[in-house]
Amino acid sequence: MDFKDKFSDLMRQREGRLTHEMVLTPGRFGLGKTPDRLQPDSTTSMVCGFCSTGCGLKIHMKDGKAVNLTPDPDYPVNLGMACPKGWEALTPLKADNRAIMPMVRDEDGKLVPVEWDAALRLFTDKIKATIAKYGKESVAFLSTGQIPMEELFMLGVLTKFGMGLLHGDANTRQCMATSHVAYKQSFGFDAPPFSYKDYEESDVLVFFGANPCIAHPIMWERVMMNPRKPEIIVVDPRQTETALAATKHYPLLPKSDLPLLYGLAHILIREGWIDKAYIEANTTGFAEFAEHVKTFGPAAVGAITGLGEARLMEFARSLKPGKRVSLWWTMGVNQSHEGVRTAQAIINLALMTGNIGKPGTGANSITGQVNAMGSRLFSNTSGLPGGRNFQDALHRQEVANILGIDVEDIQRKPGLAYDQILTGVKEGRIKALWIIATNPAHSWVDQEEFRRAAQKLDLLVVQDMYHDTDTARLAHLILPSACWGEKEGVVINSERRLGLFKKVSPAPGQALADFYIFKLIAKYWGCESVLKDMDTPEQTFQVMSKLSVGRPCDFSGIRDYKMIDEEGGIQWPYPAVASAVAPGPMPALAPDASAVSTASKANPALPAGPAPIGKERRLFENGRFYHPDGKAKFQFGPPQPIPEPVTPEFPFALLTGRSSSAQWHTNTRTGKSAVLRKLYAVDSYVEIHPDDASRLKIASGDWVIVKSLRGQARARAAVASTVQPGQLFMPMHDVEVNRLTFPSFDTHSRQPSYKHCAVRIEREQA
Amino acid sequence: MKPDPLPSSQPPGFPAPARPSLARFMGDGPSLIEAYLEDQQNLTAVERFSQAHDRMHDLNGAALAGGATAARSPSLESHYKDLLPLEKPRPGQQYAFEVDLDRCSGCKACVTACHNLNGLDTDETWRSVGLIHNVIGKPLQQTVTTACQHCLEPACSHGCPVKAYEKDPITGIVKHLDDQCIGCEYCILKCPYDVPQYHHGKGIVRKCDMCVGRLEVGEAPACVQACPTKAIRITLVDQAEVRKNFAEYAALPGAPDPAYTLPTTRYKTVRKFPEGMEAADAYKVKKEKAHYPLIFMLTLSQMAAGFIVALEAGSLTGLLPMDPLFQAVSHVLGAALMQLAIAISVMHLGRPLYAFRAMLGFRRSWLSREIVAFGLMGGLGALAAAATVLSAVAAHIGPASSLAPWSRAIALWGAYGSSPWLRVVLAFSALLAVHCSGMVYRDTPRAMWATRLTAGKFFLSGALTGLAGILLVIAGFDASGAIPLTGTLHHLARALILALPLGIIAKLGCEAGIHRHLDDQEANPLKKAAMLLRGELRLQNIWRFNAGFAGGFLLPVLWLYHGYTGTGSFDVIFAALAATLLLAGECLERYLFFAACVPPRMPGA
């Protein structure tokens, strides 16, 4: 380079270090171009760790560690797409508030780091002492739907069969308990029947209390792929993003969904828009149901829901037989004081119109957390592993046989539900509480109630990946967990697909996978034999596989993790012996696996051997359900009054929900990503209708105070006609919200009702 | 605790050896803890799963391409193939983003995909998603995703003093040359879409290049690849068509005026947006970046300019003393102020070492011109200072004829100190510098700056602080007894003191004008600026007024009332106080000039 070139380069530099930093080079492994400095030397795919969509993420590995990721194009769930949380999934691992050592609260009330040995001794000594003094009923745990099912299962086995505890529940109580109970009562098993393919194959999609555009963007992707120009109906008091994208929106009054559904059933029956043959052949209880909905005439229901008779008729007409109708619901239904009956009213609509077991149909509960279903099936909390019941002697025997434990060690009725455990704490019956990977100090309905209860505890142990969650701040002992990406295990998504978590990133400091923590506690407790044959997550999976045999969720056909990896996830049922769990009446309860083959012989119409995996499978294609008679049941009950109606003093109904696809639950993880933080409103906000706002002289951006009988929250006003007059909306991700919510619970599922409480709003005095 | 060896070192197709299992570990508690802690650090994914995975891909690749070395198309290609134009742009055409608003569900994956696939830094984003909505009437809301608009008249490029932007003649992509950038951030002020992003660590600006490296090989840009609902695509647009119908291209409520840059991104929708549709963040006001070096650079350079213009005008008209010492001290002060301003201005740059490139953009960039004008004024000022100092030295050592040759040279050069030409040129260069500074801000799409008021503010600012400076020098010479304040000079001083209150009233009047926008109906940038001045910046605004009023009005009036004593340090204190308060007030004014200047933005940007 001569001087002239050098000079001209100095004056006008087209390339150099800064340019090279941004160079993209062709990726291998099916990737397109990727940043050169993050060029992977291998890739591996795993399931995202946030929501129940269960997207496959292709992790870019360099020198054996994760450096970047892209959504996996070959994974049947997300087809190469991800929401912002998925794209940023690796970022929260590197946050500097990770818990890296066990921590104990000292005499001054400060949390100080201690060695694992000391922490584990403290844990076991304290809990043993509590049990010795107050009995088994005095210790409980609250876990999660965020960790792999092997860990959830181990926790259930360790606590209930090893430590002898009776009470444990999970945050799935806050999200899926309603669907669980509704399906169980209607179908005979907790079995969401759909596959995501159904989004693409429907003519009519109805979303009840669901906002997939924000809550499940990748499921919405599948809706957008539907080539049938579907009618999309959204039933939600609020004009959500999904309501705007829909072809029809029914903004019913809050908590009028059950009357609405009965009203629709009334019209369908009256007009004869039902599938009589299907009802006759595959269901029971229809006559009683028809009798029940007689009183729900369109005029009355039109008034109760605020929709009017004409719109109700229009709605019912959309459900007329002849089209593939799929019915979907999420938290608007589940988190309700009468959620179970509401979910079942949706199921009833599907049953009476024959919209089940066929492509593009179904009464479909979209799950919330990544492993809510794993928790429902295997956590040993509300039911015995494999979707079994504590009350059933045969079920207890099966579990005892497979785990090699004494059947007498198995409790004969389920332990307390989440709210009952907290009541126990409040009333001093429960003295020690162990919380794993959940954040009730933010998320519990009427959060102050939880915080008050926590003050009464002799011991609060919080096992979490961060040492400063709202709940960890209250702890006496913090156990540092490795998180998603730092451990292995299986999770089950909304369409019953088992997917893998893998270990792609080193855990910080002395954080340990929950798996190891449970093993260590077993060791220190002196009950490690109860976890025998569970020395690795994959071994544990094999134990669980045995427990699934003969159950509707049978996945015994899955050889190992590798098979799940290679198949891109596998939906249950995937039995080693197909006939055992093909939809239909369950086989005779099998005390051990060998009995299953007998059952399969009993039904020669079904093929022997594993069913083809198929990328996407749905349930009930043969019209047989899991009740002993093989039929689905119409379940119903009278609507209950709203637990906390608005009053002149608290004239607004407060609705809660998700506000952005970039936030997850209590924002402990998503709040750690600088990019995600740019994608949501950092200040708490409350949506208010323009009419109400102008009456109260509130302008967009003003700080306001929202008060309920339980507490108050400060937020910025967002004036928008997405809410109706008399209603407010606040995002659940802001910690203030649950200072306001009203603690009412569905009587069947004990799920809290987050979506309706009475509040008032005023401008903050400067 | 070392990670396992890389699988790539193993022969392909060979399963990784199993690690010693913890399966039958029978140790005590602490040693089990040790073992688990160690195992926790062993990353197993690669050895257990990735080989099969990668092998499968490589086999597929080899099969597809017919050879192991040939490039394979990415797995996602089928997803985005129909989102790219089939042909390369023909002359008169260019690539452009097209957003189908009806398909956008607001998931914001485009932002994160752009971040990850381009390897951006922790909090760096080149795409943003905002929301527009209809508050009154039929509820309607729409998310809007934006990145660089790859404009026909890229303001970033027009403003760049170092030509770090290029609009590609074939693709039309507006590309930023990272290594050419000096980090002056002027493009950020110029772009109405808030596209260029300053990177603090690197001291440069970076921005979306439409993933040109991907487009070249038929891959879709990151955002296009990643949109789950295929709402973003790349199209070819006719540039003439954009020029003609730019209003239609920007048919988006809440978006900045497209006439300024002729953006090419097209937003498609079958909906009709109602009249009252606006950005959901329209009422969000947040103070802007203050740019402290620029605050001091502007106020000091304007003080220097005011001072120099007053000095030369006074000297040329004979109102100010031609005493060599007075001239030397004044010119040194003026030049020092200017050099200080220039030194501070360099601190503003992210990469000051490359500041010399700044004249490259002279043809289009006012910033480039400002820098050249500053250089000119700084140079001439230094020259004048040197000459007047020499002149003073010469005067001190006696008449030229009686001296040794070296002192004759001093006298000769010193003579330039009184050259009227140098004085005139210097004064004009000072006026030019202030003019260019004004134009730097007037030539932006920011409503608060893009007005003659900006020039008015800058010149008044210079006049006020410059005159106060001259007063201080006069008072100083008087106090030291060197030049007694009598006759014309006394009258001049009185006139100058009287000028200050008039000047400050005009200046504060200029600034207060913005407050009337508080009553504007829509949330325009001026209204938001007024809201900021009354809200978040209220305190600074009050102090700005207090300082200006005290230094420019109260003190001079008191001074006049008290009567100009013509003796002693009393006047010096008055003059120094007035000058300091005025300068402080102007610095605060300039702080508000930046902090309250709300730029036009895309919704959510």
Inset, instruction - Work out how far the C-alpha atoms of segment B:75-218 reach from end to end along every principal axis, then list the three figures in whole Å, largest first. - result: 48, 39, 31
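Between B:Glu241 and A:Asp9, what is the FRET efficiency for a Förster distance of 35 Å, r being their Cβ-Cβ separation, to the nearest 0.05?
Working: r = 38 Å, r/R0 = 1.09.
Efficiency at R0 = 35 Å is approximately 0.40.
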Inset, instruction - Any chance you could list P(r) for segment A:356-480, counting all Cα-Cα pairs in 5 angstrom bins from zero, rounded to whole %? - result: 2, 10, 15, 15, 15, 16, 13, 9, 3, 2, 0
Legend entry - Approximate spin-label separation B:Arg408-B:Asp323, in nm, with each point projected 7 Å along Cα-to-Cβ: 3.1 nm
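Order of A:96-107, A:372-383 by packing, highest average Cβ count within 10 Å first?
Per-residue mean Cβ counts within 10 Å order the peptides as A:372-383, A:96-107.
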Legend entry - Cα-based helix-to-principal-axis angle, B:366-397 vs chain B, degrees rounded to 10: 30 degrees
Inset, instruction - Using only the alpha carbons, work out the radius of gyration and Dmax of segment A:439-496 in angstrom. - result: 14.2, 41
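Set the Förster distance to 60 Å, then compute FRET efficiency between B:Glu166 and A:Arg412 from the Cβ-Cβ distance, nearest 0.05.
Computed FRET efficiency for B:Glu166 and A:Arg412: 0.20.
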Inset, instruction - Can you tell me the 0 to 90 degree angle between the C-alpha axis of helix B:324-348 and the longest principal axis of chain B, rounded to 10? - result: 10 degrees
Inset, instruction - For A:Glu271 paired with A:Ser694, estimate the spin-label separation in nm (one decimal), with each label point 7 Å from Cα along the Cα-to-Cβ line. - result: 3.8 nm
Inset, instruction - Specify the angular offset, from 0 to 90 degrees and rounded to the nearest 10, of the alpha carbon long axis of helix B:29-41 from the longest principal axis of the alpha carbons in chain B. - result: 80 degrees
Inset, instruction - Give, as a single signed number, the net charge of other residues whose beta carbon lies under 14 Å from the beta carbon of B:Tyr591, with Lys and Arg counted +1 and Asp and Glu -1. - result: +1
Legend entry - Number of partner chain Cβ atoms within 10 Å, mean per residue of A:11-23: 6
Legend entry - Environment charge at A:Asp734 (Cβ cut-off 14 Å; Lys +1, Arg +1, Asp -1, Glu -1): +1
Legend entry - Approximate spin-label separation A:Lys65-B:Lys272, in nm, with each point projected 7 Å along Cα-to-Cβ: 5.9 nm
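Classify chain B: rounded, prolate or oblate, from the alpha-carbon gyration tensor (a ≥ b ≥ c, eigenvalue square roots; a/c under 1.5 rounded; otherwise prolate if a/b is larger than b/c)?
On the way: a/c = 2.37, a/b = 1.99, b/c = 1.19.
The shape class here is prolate.
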Legend entry - Residue order, fewest to most surrounding Cβ atoms within 10 angstrom, among B:Glu216, A:Glu495: B:Glu216, A:Glu495
Legend entry - Low-density loop positions, trypsin sites (Lys or Arg not before Pro), segment A:661-766 - DSSP coil, at most 14 other Cβ in 10 Å: A:Lys697
Legend entry - Which listed pairs, of A:Lys546/A:Lys633; A:Lys58/A:Lys487; A:Lys94/B:Lys202, have C-alpha distances above 27 Å, in listed order: A:Lys546/A:Lys633
Inset, instruction - With runs of 4+ DSSP H residues as the only contributors, calculate the mean residue ellipticity of chain B at 222 nm using -39,500 (n - 2.57) per run, divided by the residue total and rounded to the nearest 500. - result: -16000 deg cm²/dmol
Inset, instruction - For each of A:Val23, A:Val530, A:Val223, count neighbouring Cβ atoms within 10 Å of the residue's Cβ, then give the residues from fewest to most. - result: A:Val23, A:Val530, A:Val223
Legend entry - Summed side-chain charge close to B:Leu485 - residues other than B:Leu485 whose Cβ falls under 15 Å, Lys, Arg +1, Asp, Glu -1: -2
Inset, instruction - Please list the non-local residues whose amide H lies under 5 Å from the amide H of A:Val47, H modeled 1.01 Å from N, same-chain partners needing a gap of 5 or more. - result: A:Leu57, A:Leu500, A:Phe501, A:Lys502
Legend entry - Viscosity 1.306 mPa s, temperature 10 °C, Stokes-Einstein D of chain A from Kirkwood C-alpha radius, µm²/s: 59 µm²/s
Legend entry - Cα-based reach from B:Lys507 at 16 Å (exclusive), listing aspartates and glutamates while leaving out same-chain residues under 8 positions away: B:Glu586, B:Glu589
Inset, instruction - Mind checking A:91-98 for the average number of partner chain beta-carbons within 10 Å of each residue's beta-carbon? - result: 1
Legend entry - Computed over segment B:293-334, Kirkwood Rh from alpha-carbon pairs, angstrom: 10.9 Å
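With a cut-off of at most 11 other beta carbons within 10 Å, and DSSP calling the residue loop, which GluC sites (Glu not before Pro) in segment B:251-351 qualify? Please list them.
On the way: sites: B:Glu275, B:Glu278, B:Glu288, B:Glu312; in loops: B:Glu275, B:Glu288.
Answer in residue order: B:Glu275.
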Inset, instruction - Could you list the square roots of 5 times each eigenvalue of the Cα gyration tensor of the protein assembly as shown, that is, the equivalent ellipsoid semi-axes, sorted largest first and rounded to whole Å? - result: 68, 34, 32
Inset, instruction - Largest first and in whole Å, give the semi-axes of segment A:139-294's equivalent ellipsoid, each being the square root of 5 times a Cα gyration tensor eigenvalue. - result: 34, 23, 16
Inset, instruction - Report the FRET efficiency, 1/(1 + (r/R0)^6), for B:Val217 and B:Asp121, where r is their Cβ-Cβ distance and R0 is 25 Å, rounded to 0.05. - result: 0.50
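Rule-based calculations on the coordinates, nothing more; no lab input. All figures in this text were calculated on a predicted structure; none of them were measured in a lab. For neighbour counting, all protein chains shown are included, and Cβ atoms are generated from backbone atoms with ideal geometry for every residue, glycine included.
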